[in-house]
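The values are calculated or read from the model by the stated rules, or taken from the named source; none is laboratory data. Just so we're clear, the structure is a prediction, and the values are computed from it rather than from any experiment. Cβ: placed from backbone, ideal geometry, glycine included. Neighbour counts: every protein chain shown. SASA here: full protein model, heavy atoms, side chains in, ligands and nucleic acids out. Shrake-Rupley method; radii C 1.70, N 1.55, O 1.52, S 1.80 Å.
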Amino acid sequence: DHETLVKSLEGLRDKHGWELNIVELEGMSRMEQIKLVGRTTILMGVHGNGLTSLLWMQNTHKSAVLEFFYPQGFAEDYEYTARLLGIKHYGWWDNVHFTYPNIPDKMKLENNGFPPNFQSNEIPLDGVAVAKLCEQRLLGIEEDDDSF
């Protein structure tokens, strides 16, 4: 859940001295968004328009976009965009993550990747697992198998 994710990320900030910004981009001006995301290493959020900001991220070996989906939901918009920009993209279903080339086959998912709760405000997420992946990525540690 969101609170566990925030606490886990705050723990990483405190442990490593990393900068952590928890924001709602829609509450910021376009220029504020560009400045913030332009210095962001890992951008995360639920599937939605806010992830379009990945266009302003710098491409580094640690850069990543973490996109949270309702389980069995998947849309490739931001996966494809991140990949074209050379930024690693991770999709998440609760405690399971996936990245290209091991992404879901939408034709095998309910409603072609858009299950009834796809737009839900209640997306299950293992915040501890997300924070662990962030830490591995930022420390340059190879993550576990990306298959789901």
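The figures follow:
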quantity	calculated
Degrees between helix 127-139 axis and first principal axis of the chain (Cα, 0 to 90, nearest 10)	60 degrees
Helical mean residue ellipticity (222 nm; -39500 (n - 2.57) per DSSP H run of 4+; nearest 500) of the chain	-9500 deg cm²/dmol
Within the stretch 49-148, percent of DSSP bridges classed antiparallel, to nearest 5	35 percent
Rounded accessible area per residue of the stretch 82-146, 1.4 Å, Å²	56 Å²
Relative contact order of the stretch 27-148, pairs being alpha-carbon contacts under 8 Å that are 6 or more residues apart, as %	22 percent
Label point distance in nm, K108-T81, each placed 7 Å from Cα along Cα→Cβ	2.7 nm
E32 paired with W56, simple spin-label distance in nm, labels 7 Å along Cα-to-beta-carbon	1.1 nm
Area of W18 that stays accessible when all protein chains are in place (1.4 Å probe, Å², to 10)	70 Å²
Partners for K88 among aspartates and glutamates (Cα-Cα distance below 17 Å; same-chain residues under 8 apart left out)	E67, E76, D77, E79, E135, E142, E143, D144, D145, D146
Carbon + sulfur, % of accessible area of the stretch 1-121 - ligands and nucleic acids excluded, 1.4 Å	48 percent
Entry for Rg/Rh (Cα atoms, Kirkwood Rh) (calculated from the structure that is shown) out of (1) 1.09; (2) 0.94; (3) 0.98	(2)
Choice from K88, K132, K35 with maximal GNM fluctuation in the chain (Cα, 10 Å cutoff)	K35
Relative contact order (%) - criterion: Cα under 8 Å, at least six apart; region: the stretch 1-98	20 percent
